[in-house]
Amino acid sequence: MAFQAGFFLLFVLAPPLDILRIDLTRGHAILLGMDWTLGIDGLLAGERSPLEAALNLIWRGFIPLFGGAALFLWIAWRYGRLYCGWLCPHFSVVETINRLMRRASGRPSIWESRPLPELQPDGTRQVPNAWYWLPTLLAVFGFAFLWAVVLLTYLLPPAEIYGNLFRGELTLRQSLFIGAATAALSIEFLLARHLFCRFGCAVGLFQSLTWMANDRAMVVGFDTARAGNCQDCNNACDNACPMRLKPRTLKRKMFTCTECAQCISACTQVQGGEPAQSLLRWVEGQQAIAVVSGRPGRAKVAPGAAKAGLVPAESTSGGR
């Protein structure tokens with residue numbers, strides 16, 4: 001929660017603090033308060049040679065872009081959609097509205113086929129209250145408007161946008177951008193949310209594809225040796241997942257897992273609050289291979305993983 005709140009605050013404040021933005025009025029990016037250009041203006045003005053311009057383009061353009069992308073994908077290859085679950089400002093909105101909508105209707109999404117159990121992992125009960133629709137809708141439209149304004153400040157001077165907004169003097173184009181973006185985001189936050197994360201987000205998709213290519217990447221493992229402890233549970237891990245996945249299954253069925261660890265936290269609470277007693281835990285390396293194959297008997301599965309019981313429920317119970 002702290003990571004998400006901090007990164008969301010950074011997302012909002014990055015443009016006005018000149019940490020990162022693209023200023024269309026200047027025609028270049030601003031990074032850490034400095035003008036960040038591709039260094040080809042000198043060539044256009046006849047003051048630099050083509051070789052100098054090419055070196056500037058590589059140093060200021062290609063290396064930061066492809067270097068950053070390579071680091072981002074390496075993290076995804078090793079740890080999965082870590083950015084989504086711990087930093088993404090969109091996913092923090094998804095989780096917030098999910099919680100509010102569940103308080104209002106018993107469902108984290110209007111597409112949920114039936115209400116989730118009132119009994120929470122910590123033993124308390126959460127009875128749906130229709131009054132929560134008010135804060136839910138306020139959050140939907142409030143976040144949509146905030147996102148629209150913030151996105152515009154990444155493109156135009158933030159002082160101009162916020163000044164015009166507070167004085168009620170937005171230009172026609174600024175008003176159209178904020179209005180259209182607010183409407184589109186309101187629809188997405190109200191109706192799509194996790195569906196967009198699963199099927200529409202290119203950043204998430206590339207992370208998932210990279211993660212799936214590494215059989216030894218960090219993944220949620222299920223301790224099948226103590227699967228009987230699940231009999232007294234109302235599928236708390238499934239209910240807690242904001243992406244509406246089933247954590248006790250094969251990795252390919254958790255393709256869009258955001259590594260948010262809410263399923264692990266829910267299981268830990270059900271099992272008395274002791275992390276060591278949780279049936280769900282992070283596994284990687286040889287132990288993660290069992291979650292990929294789902295069959296401890298296969299040659300690919302490490303003996304240590306099978307012995308520890310850190311394999312999906314489907315490998316021993318035929319699926320859920």
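The values are calculated or read from the model by the stated rules, or taken from the named source; none is laboratory data. Fair warning: this is a prediction, and the values are worked out from it, not measured in the lab. All Cβ positions, even for glycine, are placed from backbone atoms using ideal geometry, and neighbour counts span all protein chains on display. Please note that ligands, DNA and RNA were not included when accessible areas were found on the heavy atoms of the full protein model with its side chains. Shrake-Rupley method; radii C 1.70, N 1.55, O 1.52, S 1.80 Å.
Data for the structure
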| read-out | value |
| --- | --- |
| Filter pass, TRP86 being aromatic (Phe, Trp, Tyr), on the phi < 0 side of the Ramachandran plot, open to solvent by 20 Å² or more (accessible area, probe 1.4 Å) and without any contact (Cβ under 8 Å) to a residue 60 or more places away in the chain | no |
| The listed residue being basic (Lys, Arg) and buried (at least 16 other Cβ atoms within 10 Å of the Cβ), out of ARG252, ARG248 | ARG248 |
| Criterion violated by LEU156 - all others in (1) in a loop (DSSP other than H, G, I, E, B); (2) within 20 Å of PHE7 (Cβ to Cβ) satisfied | (2) |
| Qualifying residues in the stretch 9-28 (those that are part of a helix (DSSP H, G or I) and open to solvent by less than 30 Å² (accessible area, probe 1.4 Å)) - the one farthest from PRO89 (Cα to Cα) | VAL12 |
| One residue from GLY168, GLY163, GLY228 being without any contact (Cβ under 8 Å) to a residue 60 or more places away in the chain, at positive phi and over 20 Å from the mean Cα position of the chain (by Cα) | GLY168 |
| Residue, least open to solvent (accessible area, probe 1.4 Å), within the stretch 110-144, restricted to residues that are charged (D, E, K, R) and under 25 Å from the mean Cα position of the chain (by Cα) | GLU112 |
| Hits in the stretch 99-138 - residues which are under 19 Å from MET243 (Cα atoms) and out of contact with any Pro (no Cβ under 9 Å at 6 or more places or on another chain) | SER109, ILE110, TRP111, GLU112, SER113, ARG114, PRO117, GLN120, PRO121, THR136 |
| Wholly enclosed helices (runs of 4 or more DSSP H) of the stretch 197-316 bearing at least 2 residues modelled with pLDDT of 90 or more and closer than 24 Å to ILE110 by Cα | 202-212, 236-240, 262-270 |
| Residues located in the stretch 162-189, provided they are crowded, with 18+ Cβ neighbours inside 10 Å and at pLDDT below 95 | LEU170 |
| Single residue of the stretch 29-42 satisfying the filter (loosely packed, with under 14 Cβ neighbours inside 10 Å and not small (Gly, Ala, Ser)) that is modelled with the lowest pLDDT | MET34 |
| Verdict on TRP147 being open to solvent by 50 Å² or more (accessible area, probe 1.4 Å), in contact (Cβ under 8 Å) with a residue 12 or more places away in the chain, within 25 Å of ILE19 (Cα to Cα) and not β-branched (Val, Ile, Thr) | no |
| Single condition ALA276 does not satisfy, out of (1) surrounded by 21 or more Cβ atoms within 10 Å (Cβ to Cβ); (2) more than 22 Å from the chain's Cα centre (by Cα); (3) not acidic (Asp, Glu) | (1) |
